[in-house]
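Nothing in this text is a laboratory measurement; each read-out follows from the coordinates by a stated rule. Since the model is a prediction, treat every value here as computed from it, not as a measurement. FYI the Cβ positions are ideal-geometry reconstructions off the backbone, even for glycines, and counts take in every protein chain you see.
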Amino acid sequence: MNIIFIEPGFPANQREFVRALYSIGADIYGIGERPVDWLDAETQARLTNYQQIESVTNEGALEWAVRDAQSKVWIDRMEATVEAHTLPVARVRERCGIPGLSARTTYLCRDKVAMKQVLRTAGIPVAASGGISSLSEAWDFAEAVGYPLIIKPRDSAGAAGTYRANNAAELEHAARAAGVADGALAAIEEFIEGHEGIYDTVTVHGDVQHEFVGHYYPGVLEAMRTRWISPQLISTNAVEADRYFELREMGRRVIGALGITTAPTHMEWFFGPKGLKFSEIGCRPPGVGQWDSYCAGNEYDLYREWALAVCHHTSDARPSRRYACGIIALRPECDGHITGYEGTETIFGKYENLVVGQHFPSPGTPTQQVEAGYMANAWMRVRHEDHDTLRAILNEIGETIRVRAR
């Protein structure tokens with residue numbers, strides 16, 4: 001099978017998708033923005049061919065590269081796993097006659113306003129929401145819905161560019177920061193109080209083949225704005241418990257309503273005083289290396305299962321559900337350069353056998369801002385057979401390890 005894979009070298013975990021495709025015998029035609037020499041030697045060796053273009057989100061350049069590949073071999077599939085790449089890839093894929101997720105479905109998974117309109121019509125519980133492009137539209141929405149509100153880009157991922165407004169003054173500030181005052185398009189919605197989590201799948205012909213549930217501690221918006229917090233994302237090993245039945249059913253309804261066929265998905269949800277509410281979904285894997293948590297917690301290779309799904313519409317392994325697995329972000333005390341760490345010997349002395357991933361940048365490494373995400377600076381990935389015990393361990397890690405900087 002000949003498959004085009006978009007941007008095989010960046011971010012770093014893209015090489016895992018290349019590895020998985022190679023492991024099932026696919027011939028991989030990479031298209032990316034960096035010179036081939038920038039790719040690591042192992043990834044280079046797994047690619048049948050590589051074409052560099054200026055930007056993989058430039059549909060004209062991307063289509064040229066795809067048609068160039070098609071002039072040499074039959075292309076069976078074309079896949080992208082980065083949020084910003086999915087829509088241009090879907091559009092080019094349709095123009096070039098390559099099977100895959102439709103441009104309409106991909107658009108609905110990118111545009112938060114259109115997405116919620118479709119799901120609201122399908123009877124799926126979502127926050128009150130709308131699209132705005134002026135301050136007056138923001139005021140009108142606030143008058144109708146009340147505070148607090150959220151403003152974010154219509155095609156945002158995670159908490160990027162997201163603002164919470166608790167009153168009129170904060171709404172004006174958020175709207176201006178989002179460019180709405182200058183005519184930029186944005187999504188506005190009611191703020192849903194409650195616990196925040198994720199529901200991720202790999203689907204084949206619209207049927208869920210693999211599914212996972214994760215919990216944020218605390219919610220993403222608070223985590224991405226507060227330096228002293230060491231936020232966690234824990235995937236549970238109790239996915240099939242009765243308490244997740246409503247969530248799993250809602251996820252399947254969302255997948256059906258949006259027309260998602262064969263693809264990975266990443267959905268976010270809230271549960272609070274107003275019950276279970278859908279937040280948003282992307283037709284791509286989650287970020288922060290979350291699939292690595294699923295692999296470690298379930299003792300199997302989810303990347304290979306994805307490769308089998310998109311190439312052959314099948315799957316041949318099931319998750320063990322043995323471990324809960326979670327990542328904790330460890331923030332520097334200030335921006336600058338990392339000078340060292342405290343508390344690591346204590347933590348590794350107690351829990352080294354539970355650690356399945358870690359990253360501690362060398363002293364002298366420039367820090368990254370809190371808003372850059374869970375893996376921007378130091379982090380650890382840990383697993384345990386009990387979810388509550390794992391959370392207590394991650395809390396201890398966050399309270400013990402200090403990332404010094406100046």
For every helix of n ≥ 4 consecutive DSSP H residues, a contribution of -39,500 (n - 2.57) applies; sum these over the chain, divide by its total residues, and give [θ] at 222 nm rounded to the nearest 500 deg cm²/dmol. -10000 deg cm²/dmol
Hey, what does the equivalent ellipsoid look like for region 205-288, semi-axes from the Cα gyration tensor as sqrt of 5 times each eigenvalue, largest first, whole Å? 24, 15, 13
Multiply the residue separation of Ser315 and Val208 by 0.36 nm, subtract the distance between their alpha-carbon atoms, and state the gained length in nm to one decimal. 37.4 nm
Can you give the Rg and Dmax of region 195-405 based on its C-alpha atoms, in angstrom? 17.7, 51
Considering the Cα trace of region 2-100, what is its radius of gyration and what is Dmax, both in angstroms? 12.0, 33
Charged-residue dipole, Cβ positions (Lys, Arg, Asp, Glu), region 195-405 about Cα centre, Debye nearest 20: 240
Using Cα-only point scatterers and the Debye equation, what is log10 of I(q)/I(0) for region 128-190 at each q in 0.21 Å⁻¹, rounded to two decimals? -0.68
As an exercise, identify the GluC sites (Glu not before Pro) in region 245-320 lying in DSSP coil whose Cβ has no more than 15 other Cβ atoms within 10 Å. Glu299
Per residue of region 218-225, what does 6.51 cos²θ - 1.76 cosθ + 1.60 with θ = phi - 60° give for ³J(HN,Hα)? Whole Hz please, x for Gly and Pro, Karplus curve as stated. x, x, 4, 4, 5, 4, 7, 10
Can you tell me the dipole magnitude for region 2-100 around its Cα centre, using point charges on the Cβ only (Lys, Arg +1; Asp, Glu -1), in Debye to the nearest 20? 240
Quotient of C-alpha Rg and 2.2 N^0.38 Å, computed over the chain: 0.99
Evaluate region 264-385: find the radius of gyration of its Cα atoms, find its Kirkwood radius, and give the ratio Rg to Rh. 1.04
